[in-house]
1. Being hydroxyl-bearing (Ser, Thr, Tyr) and farther than 29 Å from Gln364 by Cβ, is that true of even one residue in region 309-319?
2. Looking at Ala161, Ala236 in this structure, which one is in the same structural domain as Ala53 (by TED's automatic domain parsing) and over 25 Å from the mean Cα position of the chain (by Cα)?
3. Does Asn277 meet the test of being under 30 Å from Tyr83 (Cα atoms), buried (at least 18 other Cβ atoms within 10 Å of the Cβ) and either at pLDDT 95 or above or touching a helix residue (DSSP H, G or I) at 6+ places or on another chain (Cβ under 7 Å) (or both)?
4. Scanning region 322-350 for residues that are touching a helix residue (DSSP H, G or I) at 6+ places or on another chain (Cβ under 8 Å) and aromatic (Phe, Trp, Tyr), which turns out surrounded by the most Cβ atoms within 10 Å (Cβ to Cβ)?
5. Identify, by number, the condition in (1) in contact (Cβ under 8 Å) with a residue 40 or more places away in the chain; (2) surrounded by fewer than 24 Cβ atoms within 10 Å (Cβ to Cβ) that Ile288 doesn't meet.
6. Give the residues of region 65-83 that are more than 19 Å from Thr183 (Cβ to Cβ) and either without any contact (Cβ under 8 Å) to a residue 12 or more places away in the chain or surrounded by 13 or more Cβ atoms within 10 Å (Cβ to Cβ) (or both), sorted by residue number.
7. Scan region 241-252 and tell me whether some residue there is of a type outside the set (Val, Ile, Thr), surrounded by fewer than 21 Cβ atoms within 10 Å (Cβ to Cβ) and at pLDDT 95 or above.
Amino acid sequence: MRWPGSFLVALALLVSGCATPPAPPPDPLAGPQLYADLRHYASFGEHRFGSAADQATSDWLAAELRHAGLQTSFQPFTMDRQYQLDSASVTVGEAQLQARPFWWPPAEQASFRLSAPITPEGSADASGQIVWLTLPYDQSAYLGKAQRDAIAAAALRHPAAILLSIASPGEQPYAYNVAQADTPWPVPVLTVGTADAGLLRAAQAAGHKVNIAVDGRYEQQVAGRNVVARLDRHAARTIVVSTPTTGWFTSACERGSGIAVFLALARSVAASDLGVNFVFVATAGHEIGHGGMEVFLQREPPPADSVSWLHLGASLACYEWRKEGAQWVTDRAVDARRTLFYSAALAPAANAGSEGLLPLRRVQVGSAAPPGELREIHAAGYGRYLGLASGHRFFHNPGDTPATTGPEALAPVARALDRTLKLLARPE
């Protein structure tokens, strides 16, 4: 029996109408996807350069960028030294304090055990004892001369060790970024939180001993790697997107927010028809000298006259926090210190792309170098750049966990920077 053509057409239409339509591709800029990537980054643990977490992070990033369709490779390099910490503890009686060695420890005491009292206030000679030093928080990520001089002066009292409390707003052990050329401390220095000040003050007054146990080791010519991913569209212009991957602690919002946005932007532009080339570079070694960015600029510098550069710095979308009693609480508002830095050449795109992103302070960079890894980009002669960065209460603290941000904080910044990339990609 031959069925009429009109019947077959009707049957085909009926069948096709009953079929389940294909699911739309996931939105790479959606908050849940961004937060899932941030949580995955945080799951690797403390992200210091040369660690297992550093290696796992670069493996994961490379796999995600390849999956997005970018040509991805590793850029291996070494840094002259790294102190690899296995464990650290500071105890007073039954109480255990949060504590970490303060880089760089003396090589001969990379591992040590110590039990000693805190030297009394005003004592000039602290031989065989522990000096407890409290310094103000200067809102800097980098160890400066004033802090270095204060620690060096404490070391001249010949203590067995120094406990260092930086009065950062998170009240936890604070770590400053350091340089490869920095000289190790003459005695061990451990950073402890100001939240434990009462306990340390009571131990000092009573002459009770503080017990310190540190296990670690120095390594030389420590291997690390950048992840470099490219979309070559044979265009005359290139946009570079960069972000650091390493940090002192879990660094969930400090580093993880930038990494989540970095992946989102890579997925977004890979699915676009923007007529420019893209280079995405994730740099390692940030906390001990910006080694990865320096290596990228030395080995594979894109031609400065054809490049616009977006740098994703620290803490892109972290919550504001306040203390109620003994508890930290948040209303999930974004930290107000968020700042967009940009060169004059990119002012129109920077301002238009970030319109509606709040809170946000905008700073046009002049002759003075901008902060963070933007300073290397600026020093290398790139005149078309912008970068987003902020601090937050648990910046450079062990408490920088995934709880410090959330999907609704991450999505607006990803969408704003995606708009910015599209503006930068427009024909000139």
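1. Going residue by residue through region 309-319, those that are hydroxyl-bearing (Ser, Thr, Tyr) are 315, 319.
Imposing the further condition that a residue be farther than 29 Å from Gln364 by Cβ reduces the set to none.
Looking for residues that are hydroxyl-bearing (Ser, Thr, Tyr) and farther than 29 Å from Gln364 by Cβ, one finds none in region 309-319, hence no.
2. Residue meeting the stated conditions: Ala236.
3. Numbers: under 30 Å from Tyr83 (Cα atoms): no; buried (at least 18 other Cβ atoms within 10 Å of the Cβ): yes; either at pLDDT 95 or above or touching a helix residue (DSSP H, G or I) at 6+ places or on another chain (Cβ under 7 Å) (or both): yes.
No.
4. Among residues in region 322-350 that are touching a helix residue (DSSP H, G or I) at 6+ places or on another chain (Cβ under 8 Å) and aromatic (Phe, Trp, Tyr), the one surrounded by the most Cβ atoms within 10 Å (Cβ to Cβ) is Tyr342.
5. The failed condition is (2).
6. Start the filter on region 65-83 by keeping residues that are more than 19 Å from Thr183 (Cβ to Cβ), which leaves 65-78.
The answer is Leu65, Arg66, His67, Ala68, Gly69, Leu70, Thr72, Ser73, Phe74, Gln75, Phe77, Thr78.
7. There is no residue in region 241-252 that is of a type outside the set (Val, Ile, Thr), surrounded by fewer than 21 Cβ atoms within 10 Å (Cβ to Cβ) and at pLDDT 95 or above.
Conditions (1) exposed (fewer than 15 other Cβ atoms within 10 Å of the Cβ); (2) more than 24 Å from Lys323 (Cβ to Cβ); (3) out of contact with any Asp or Glu (no Cβ under 6 Å at 6 or more places or on another chain), marked per residue:
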site	(1), (2), (3)
Tyr142	yes, yes, yes
Ser165	no, no, yes
Val189	no, yes, yes
Ala202	yes, no, yes
Ile212	no, yes, yes
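The values are calculated or read from the model by the stated rules, or taken from the named source; none is laboratory data. This structure is a prediction, so every number in the text was calculated from the model and none was measured. Note that each Cβ is placed from the backbone with ideal geometry, even for glycine, and that neighbours are counted across all protein chains shown.
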